[in-house]
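> Sending over a structure as C-alpha cells; questions will come in a sec.
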Amino acid sequence: MNRLQRLHPCPTRPSSIEQVLGGSAIADAQGAPDWPEQTLHMTGFDAPWREAWGVAGDIDAGQHGDVLWRANQEVMFALVELEEPSGSTAKGAGEALRALTERAYGQLFDLMATQGTPHLWRVWNYLPDINAEADGLERYRWFNLGRHQAYDARGTAVAQHAPAASALGSAGGPLSIACLAGRHPPRAIENPRQVSAYHYPDQYGPRPPVFARAVLAGDMGQPTLFVSGTASIVGHETVHAGDVLAQCAETARNLNAVFAEASHAGGGHHYLAHQAEHRVYVRHSNDVAAVRAFLTDALQGAPLALVQADVCRQDLLVEVESVANPAR
Ligand code: 3EB
C-alpha cells in the first residue's frame, strides 16, 4: 500500500504528489484546508502549525452522520466533532458526555465497517474540562464509560482491538475525535513497565481506557509507529506527583521502553525516540521552558510541538505522543 506520510508543517495545499486524507492544526494556524482537520483548542508554544496525513493516488471523501472522512483502499482519516449542548458541567452533563462519546464511536465503527477499513490504528480524543466533575464523576471517566460501551455494544474485545490513542483536555470547543483506520489490523505494542490501560483497576473509573501503548500500522514492509500519549505512570500508578522534571524523566523512560518493544516487534525495523516527532502536552504554562529544555536533551533534539492541555489524571503534569518511521 501507499506509505502514510505526515506533512508537517503544512500549507493548506500539499506541495508534493500526496493526497491529504486529513490532519490537525493548532487553533491559531492560518487558513482552512479542504480536508477534515481537527482543531486543537489549545495554546501552542511554537509557531502555529498544521499536520496532515498523506497518501499517493486516488482518494474518496464523504460524510457519514456526524463523521467527515477521506480514504483510499487501505487507510481512512475520520473526524467527528460534537458540541455538548448544555455545557460541560451542568446537571446531566456527565451522562450527556457519556452518550455523546458512545454515539461518536458508534458512528466511527459503522463507517469503518462500511468503508472496508474496520481496524482503528490511532485516535486523538479532545474534550473541554476533562478533569471537571459532572454528576459526581470526572468527565474523563464519563468519556471512558462511553468509549468502552461503544466497544461492548459491538462485542468488540478491547484487549484485541485497542488503537494507539491520546485523550486530553482542551480549553473549550466540542468533543473532538479524529482517527486513522485501516483495512489491515495494526500490531499492538505494550510497555512492560506499565499495566495495559485496558486492564487498569476501577480506582480510575468504572470502565478503563481503551488504548494500546503504541501500534505499528500502515505499509507492513515499512510500518509507521504511532505511540500513544505517554506519561509518568509505572504499573498503573502516577509517579513523581508535583515534580514536573521527574515526570519528564519517567516519561522519557516509558517512551524508550515502548520504542524498544516496537523494535523487537517490528520485523527487523528499529524505532528510535530521537528519530521521531513528538507532541508534548504541558498542564501548566509556567512549566513549558523547563519541559522543553529537559525533553530536547532527553530526546536528543528530536522535533517537539508543545501545547498547553489538561492531562487526563489530575496529578499528571506532562504527556508525550510520538510518530516514527523505521530508523535509517
Ligand atoms: C495513561 O497512560 C495516561 O484515554 O485514550 C494516555 C493515552 C492516557 C491515551 C486515553 C489516556 C489515553 O493512562 C493517559
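> Exactly one condition in (1) open to solvent by 30 Å² or more (accessible area, probe 1.4 Å); (2) in a loop (DSSP other than H, G, I, E, B); (3) over 26 Å from residue 314 (Cβ atoms); (4) not charged (D, E, K, R) is not met by residue 86; state its number.
Failing condition for residue 86: (3).
> Of all residues in segment 140-159, which are without any contact (Cβ under 8 Å) to a residue 60 or more places away in the chain, within 12 Å of the ligand (Cβ to nearest atom) and not hydrophobic (A, V, I, L, M, F, W, C)?
Across segment 140-159, the qualifying residue is only 146.
> Sticking with this structure for a sec: For residue 195, indicate whether it is within 10 Å of the ligand (Cβ to nearest atom) and open to solvent by 10 Å² or more (accessible area, probe 1.4 Å).
Yes: the conditions hold for residue 195.
> Do you know which of the residues in segment 11-57 that are farther than 15 Å from residue 305 by Cα and polar (S, T, N, Q) is modelled with the highest pLDDT?
38
> Could you list all residues from segment 108-131 that are in contact with a strand residue (DSSP E or B) (Cβ under 8 Å, 6 or more places away or on another chain) and open to solvent by 30 Å² or more (accessible area, probe 1.4 Å)?
110, 114, 115, 118, 119, 129
> How many residues, within segment 253-262, are open to solvent by 10 Å² or more (accessible area, probe 1.4 Å), of a type outside the set (Asp, Glu) and touching a residue at least 40 places away in the same chain (Cβ under 8 Å)?
2
> Right, next: Take residue 171 and decide whether it is within 13 Å of the ligand (Cβ to nearest atom), among the hydrophobic types (A, V, I, L, M, F, W, C) and within 18 Å of the chain's Cα centre (by Cα).
In short, no.
> So in segment 300-323, with the set limited to residues that are part of a loop (DSSP other than H, G, I, E, B) and either among the small types (Gly, Ala, Ser) or touching a Leu at 6+ places or on another chain (Cβ under 8 Å) (or both), which one is farthest from the ligand (Cβ to nearest atom)?
Residue satisfying both the conditions and the ranking: 301.
> Looking only at residues that are more than 12 Å from the ligand (Cβ to nearest atom) and over 17 Å from residue 321 (Cα atoms) in segment 229-244, which one is surrounded by the fewest Cβ atoms within 10 Å (Cβ to Cβ)?
Ranking the candidates gives 242 first.
> For segment 59-73, enumerate the residues that are not in a strand (DSSP E or B) and not acidic (Asp, Glu).
Across segment 59-73, the qualifying residues are 59, 65, 72, 73.
> Look at residue 278 and say whether it is within 16 Å of the ligand (Cβ to nearest atom) and modelled with pLDDT of 95 or more.
Yes.
The values are calculated or read from the model by the stated rules, or taken from the named source; none is laboratory data. Please read these numbers as outputs of a predicted model, since none were measured by experiment. Cβ: placed from backbone, ideal geometry, glycine included. Neighbour counts: every protein chain shown. The area values use the complete protein model at the heavy-atom level, side chains included, leaving out ligands, DNA and RNA. Shrake-Rupley method; radii C 1.70, N 1.55, O 1.52, S 1.80 Å.
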